[in-house]
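Q: Provided herewith is a single structure, encoded as structure tokens, for subsequent inquiry.
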Amino acid sequence: MATSKGLPRDTFAKLSPHPFLLANLQPPAPANSAVVRTGDTTAICGVRAETILASDIPNFRRHNALTTTETDGAAELKDYDLLVPNIELATGCAPQFLPGVPPTTLAQTLSTRVYSLLHSSKLLDAEDLRIWYTRPAENAAEDDDEDKMEEDDRDKGEGEKVVIAYWVLYIDIFFISLDGNPFDAAWASVLAALRDTTIPIARWDPDREMVICSRDNPKPLTINGFPVACTAGVFTGKETTDKPADGKFWTLVDPDTLEEGLCDEEVTAVVDRSGEETKILAISKHGGTALQPQLIREFVGVAEQRWEEVRKAMP
């Protein structure tokens, strides 16, 4: 009887890598990115960082380590456009958003709202985006010759530490499916991606006159707080021949596309409960009739519950 040259079935099953891969490997998750799905709306956010020299920034105000304050940091982020969000809906995410078409009004409006909330919430620290350089003492004295009388007390043996460049964060949000409430999904993806973003260690090389980056030990961004957006549509009762509307209305949290078409107005609240008290960072309302203050208070309570849900999903 001829001997089989193949392996027995049981032995081959033990050598098969499939069970090992299932037990030990996880799906790849690139850094500086996140995927968020709320209902049938899915958004992907990616953050890429690029350097820009301070000399290339129009109307740049020179900063050094002695004069820079926290207020200056908030102004730097906005005045120098260090945060650049962009939302892309032309991905075939919905029938009305075909691939390859120019940006729609909705995409531009969402980008503006994300940009405004990034700055008003003070989510990021400008210090993480600064690239410092300590100039030699003789060079610092030459550049500051006109202010020499004011700086006579400076130790001539020490150079001045100045901001030579910045990191610019390009925040790209792509919708791969859209079924209503795009702002909440977009902001949640931005928050998740920024919490996972790391920046290489950068330094200024005076000999080559360029910024040198190192991939070793990248530093994460400092995230201030945990702001979460919650949107609801307000549905107003319609009059019929049998019954009047009586001014009744209902709020629908996280509305889909069909529900958005039936609602007369929309209200969005951004809250942060990461501290001891709830902080209301923003409240906006679009269209419809005037909402009563009591309804706004109740909706803020709903936003607090949404904050707890999102916080559990992003440990």
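Q: Report, by residue number, each residue of region 171-190 that is of a type in the set (Asp, Glu) and in a helix (DSSP H, G or I). Talk me through it step by step, then tell me what you get.
A: Residues of region 171-190 that are of a type in the set (Asp, Glu), as a first pass: 172, 179, 184.
If the condition is that a residue be of a type in the set (Asp, Glu) and in a helix (DSSP H, G or I), then ASP184 is the only one that fits.
Q: Looking at region 281-300 only, could you name the residues that are modelled with pLDDT of 95 or more and surrounded by fewer than 14 Cβ atoms within 10 Å (Cβ to Cβ)?
A: Answer for region 281-300, where residues must be modelled with pLDDT of 95 or more and surrounded by fewer than 14 Cβ atoms within 10 Å (Cβ to Cβ): there is none.
Q: With the structure loaded, tell me whether VAL101 is at pLDDT below 90 and assigned by TED's automatic domain parsing to the domain that holds ILE212 or whether it fails that test. Walk me through it before giving the result.
A: Working: at pLDDT below 90: yes; assigned by TED's automatic domain parsing to the domain that holds ILE212: yes.
Against the criterion (at pLDDT below 90 and assigned by TED's automatic domain parsing to the domain that holds ILE212), VAL101 qualifies.
Q: Would you check if LEU221 is modelled with pLDDT of 90 or more, in contact with a Cys (Cβ under 8 Å, 6 or more places away or on another chain) and farther than 20 Å from TRP307 by Cα? It would help to see each step written out before you state the result.
A: Details: modelled with pLDDT of 90 or more: yes; in contact with a Cys (Cβ under 8 Å, 6 or more places away or on another chain): no; farther than 20 Å from TRP307 by Cα: yes.
Taking the combined requirement at face value, the residue does not satisfy it.
Q: Please go through region 216-235 and pick out each residue that is touching a helix residue (DSSP H, G or I) at 6+ places or on another chain (Cβ under 7 Å) and either among the aromatic types (Phe, Trp, Tyr) or farther than 18 Å from VAL190 by Cα (or both).
A: Correct list: PHE226, ALA232, GLY233, PHE235.
Q: Shifting gears a bit: Where residues in region 167-190 are under 16 Å from LEU98 (Cα atoms) and not aromatic (Phe, Trp, Tyr), which of them is surrounded by the fewest Cβ atoms within 10 Å (Cβ to Cβ)? I'd like the intermediate steps shown before the answer.
A: Residues of region 167-190 that are under 16 Å from LEU98 (Cα atoms), as a first pass: 174-179.
Imposing the further condition that a residue be not aromatic (Phe, Trp, Tyr) reduces the set to 176-179.
Details: ILE176: 13, SER177: 15, LEU178: 23, ASP179: 20.
Residue satisfying both the conditions and the ranking: ILE176.
Q: On to the next question. Return the total of residues in region 78-105 being out of contact with any strand residue (DSSP E or B) (no Cβ under 6 Å at 6 or more places or on another chain), of a type in the set (A, V, I, L, M) and not in a loop (DSSP other than H, G, I, E, B).
A: The total comes to 1.
Q: Right, here's the next one. Take the residues of region 259-280 that are out of contact with any Gly (no Cβ under 9 Å at 6 or more places or on another chain) and hydrophobic (A, V, I, L, M, F, W, C): which is surrounded by the fewest Cβ atoms within 10 Å (Cβ to Cβ)?
A: Among residues in region 259-280 that are out of contact with any Gly (no Cβ under 9 Å at 6 or more places or on another chain) and hydrophobic (A, V, I, L, M, F, W, C), the one surrounded by the fewest Cβ atoms within 10 Å (Cβ to Cβ) is ILE280.
Q: Could you say which residue among VAL168, VAL162 is assigned to a strand (DSSP E or B), among the aliphatic types (A, V, I, L, M) and at pLDDT 95 or above? Even if it seems obvious, please write down each step before you answer.
A: Working: VAL162 fails: at pLDDT 95 or above.
Testing whether each residue is assigned to a strand (DSSP E or B), among the aliphatic types (A, V, I, L, M) and at pLDDT 95 or above leaves just VAL168.
Q: When the residues of region 191-242 are filtered to those that are of a type in the set (Val, Ile, Thr) and not in a strand (DSSP E or B), which remaining residue is surrounded by the fewest Cβ atoms within 10 Å (Cβ to Cβ)? Lay out the reasoning, then the answer.
A: In the first step, residues of region 191-242 are kept if they are of a type in the set (Val, Ile, Thr); the result is 197-199, 201, 211-212, 222-223, 228, 231, 234, 236, 240-241.
After this cut, where a residue has to be not in a strand (DSSP E or B) as well, the list is 197, 222, 240-241.
Working: THR197: 24, THR222: 11, THR240: 8, THR241: 5.
Of everything passing the filter in region 191-242, THR241 is surrounded by the fewest Cβ atoms within 10 Å (Cβ to Cβ).
The values are calculated or read from the model by the stated rules, or taken from the named source; none is laboratory data. Model, not experiment: these values are computed from the prediction. Backbone-built Cβ (ideal geometry, glycine too); neighbour counts: all protein chains shown.
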